[in-house]
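Just so it is clear, none of the values below were taken in a lab; they were calculated from the coordinates. As the structure is a prediction and not an experimental result, all values here were calculated from the model. Using ideal geometry, Cβ is built from the backbone for each residue, glycine included, and neighbour counts are taken over all protein chains shown.
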Amino acid sequence: MSDSVRIVEVGPRDGLQNEKTPVSVADRIAFIEALIGAGLHTVEVGAFVSSKAIPQMVNSDQVLRGVNHHPESEFHVLVPNEKGYEAARAAGAKVIAVFASASEGFSRANINCSVAQSIERFKPVVIRAKADGVKVRGYISCVLGCPYDGEVKPQAVVDVAKLLWDLGCYEVSLGDTIGVGTPLKARQLLRAVAGAVPMASLAMHFHDTYGQALANLYAGLEEGARVIDSAAGGLGGCPYAPGATGNVATEDVVYMLEGMGIATGVDMPRLVAATNQVSGLIGRPPVSRVAAALNAKRAIS
């Protein structure tokens, strides 16, 4: 496992949208700039969604415009419909993300429609994006379990992944939204989905609710997956999973990978500084074990 792994930093979007304390446009831009400075060049920066539904993502167009001067970086924004797509394009979006669930219960609770209906909703977005030369990434929620339906069969995930791939998504991110997966289940899931989507085009998006995320990522790496979604400081959570601690922390992922001899290109002190910066804004310490350890070490010295 000596080759490189691509990290998709999702803290500024998937992380902050689940934090109770809203962060201003200027501070979100500063956070993204700090992440870029730490060597994270693929960053999810916002969502073009209803400000009533997700007020934390208000003015994502200003955030995207504020960071778009970094030609060496790739910025992703979440887009649920054509209205959102038009706003994203107007702000200069070059990569968008669409999302579906592998679970009917979660889809109905989260966006008030079936899985099939959700895909029909964003089909026009994908078609327009392809015509405009905009890359589209697909997210699948609840790939290893659902707070409503319980266990999710791998075949349900395969079916949705194949639909996203056939539509033209360049990458499909598999989300353990409530963090209930274990290494064997993660391995089995990746093997199943790789039958429909090339392993090189699959990303692992694992939440750490039960402390299994790093182990699940390691199992996925052994299967050949090489893209990891993570959030600085373990930002985020899931409103449908009480006790959820959010995304796997980028610091913890980087520490594991570097310890395995896998280069990430991430400067750990700068990453921890970025995490500390945003942690001060939201008023809670980082969930990341590595950030906590390094902060304590620095405090002593």
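Highest GNM mean-square fluctuation among Arg284, Arg13, Arg128, for the chain modelled with Cα contacts below 10 Å: Arg284. Placing +1 on the Cβ of every Lys and Arg and -1 on the Cβ of every Asp and Glu, with no other charges, gives the chain a dipole of roughly 340 debye about its Cα centre. Considering region 6-300 at the alpha-carbon level, its Rg and Dmax are found to be 17.6, 56 Å. Contact order for the chain, expressed relative to its length and based on alpha carbon pairs under 8 Å spaced 6+ residues apart, stands at 20 percent. Going by neighbour counts of Cβ atoms within 10 Å, the residues Tyr170, Tyr218 line up, fewest first, as Tyr170, Tyr218.
Centre-to-centre, using Cα atoms only, region 177-191 and region 246-301 are separated by 24 Å.
The calculated 222 nm mean residue ellipticity attributable to helices in the chain amounts to -13000 deg cm²/dmol, summing -39500 (n - 2.57) over DSSP H runs of n ≥ 4 and dividing by all residues. Put a dot 7 Å past the Cα of Thr182, heading toward its Cβ, do the same for Ile262, and the two dots end up 2.2 nm apart. Stretching the chain fully between Lys153 and Gln277 yields a gain of 40.7 nm (0.36 nm per residue, less the alpha carbon separation).
Of the GluC sites (Glu not before Pro) found in region 88-168, those that fall in a DSSP loop while having at most 12 other beta-carbon atoms within 10 Å are Glu151. Between Ala200 and Ile127, the simple spin-label model (points 7 angstrom out along Cα→Cβ) gives 3.0 nm. Here the Gaussian network model covers the chain, with springs between Cα atoms less than 10 Å apart; of Val134, Val63, Val23, Val134 fluctuates the most.
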